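Notes to accompany the following structure.
The values are calculated or read from the model by the stated rules, or taken from the named source; none is laboratory data. Remember, it's a predicted structure, so these values are computed and weren't measured experimentally. Using ideal geometry, Cβ is built from the backbone for each residue, glycine included, and neighbour counts are taken over all protein chains shown.
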Amino acid sequence: MNAAAQGKEYPSVTVRVTPERVAAFAHAVGATQAGVNGVPPTFATVAEFASFPAIIADPELDLDFAAVLHGEQSYEWHRPFAVGDTITVTSRIAQIRQRGPLGFCTIESELRDADDLVVATARCTFLERGEAR
């Protein structure tokens, strides 16, 4: 993984919070509680993951995704999602560090609504196992 990619921001992607997407997500994760406004709070993962293909495929980052483990996930909430929201996700490489054979890549994603207000901030850390290279 290329530490020089730290700070890089990726093009924004848009995700609509539709009843069908919410139902499919709730079914996939076995959510039994609908959450506020009928949307499970972990639906943020759907929006966040929409930005990941560009990050994973970025030749500048040089991430060996076959050697990646999901290490950590956190969310900072500003308000609940609602069916009908249009969420714009902007992700950036917040931190890259190396510890022994492991590379740590923290991706921070801002999830904003149609009024450009932050709904949530998601942070995901990938661990890249060095021995796979």
For Gly100: the one exception among (1) touching a strand residue (DSSP E or B) at 6+ places or on another chain (Cβ under 9 Å); (2) over 21 Å from Thr18 (Cβ atoms): (1)
Among (1) touching a helix residue (DSSP H, G or I) at 6+ places or on another chain (Cβ under 9 Å); (2) over 23 Å from Glu128 (Cβ atoms) - the single one Gln98 does not satisfy: (2)
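If I ask for residues that are over 16 Å from Lys8 (Cβ atoms) and either among the hydrophobic types (A, V, I, L, M, F, W, C) or touching a residue at least 60 places away in the same chain (Cβ under 8 Å) (or both), which ones from region 71-106 would you list? Before you say what the answer is, go through the steps one by one.
If we filter region 71-106 for residues that are over 16 Å from Lys8 (Cβ atoms), which is where we start, we get 71-88, 98-102.
Passing the criteria: Trp77, Phe81, Ala82, Val83, Gly84, Asp85, Thr86, Ile87, Thr88, Gln98, Leu102.
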Top-ranked residue of region 12-40 - restricted to ones that are in contact (Cβ under 8 Å) with a residue 60 or more places away in the chain and of a type outside the set (A, V, I, L, M), ranked as farthest from Asp113 (Cα to Cα): Pro19
Which numbered condition Asp64 misses (of (1) touching a helix residue (DSSP H, G or I) at 6+ places or on another chain (Cβ under 7 Å); (2) under 18 Å from Thr121 (Cβ atoms)): (2)
Residue ID - farthest from Arg123 (Cα to Cα), chosen from residues in region 25-61 that are at pLDDT 85 or above and over 18 Å from the mean Cα position of the chain (by Cα): His27
Long-range neighbours under 7 Å by Cβ, at least six apart or interchain, first residue of a type in the set (D, E, K, R) within region 52-70, second loosely packed, with under 12 Cβ neighbours inside 10 Å: Asp64/Ala132
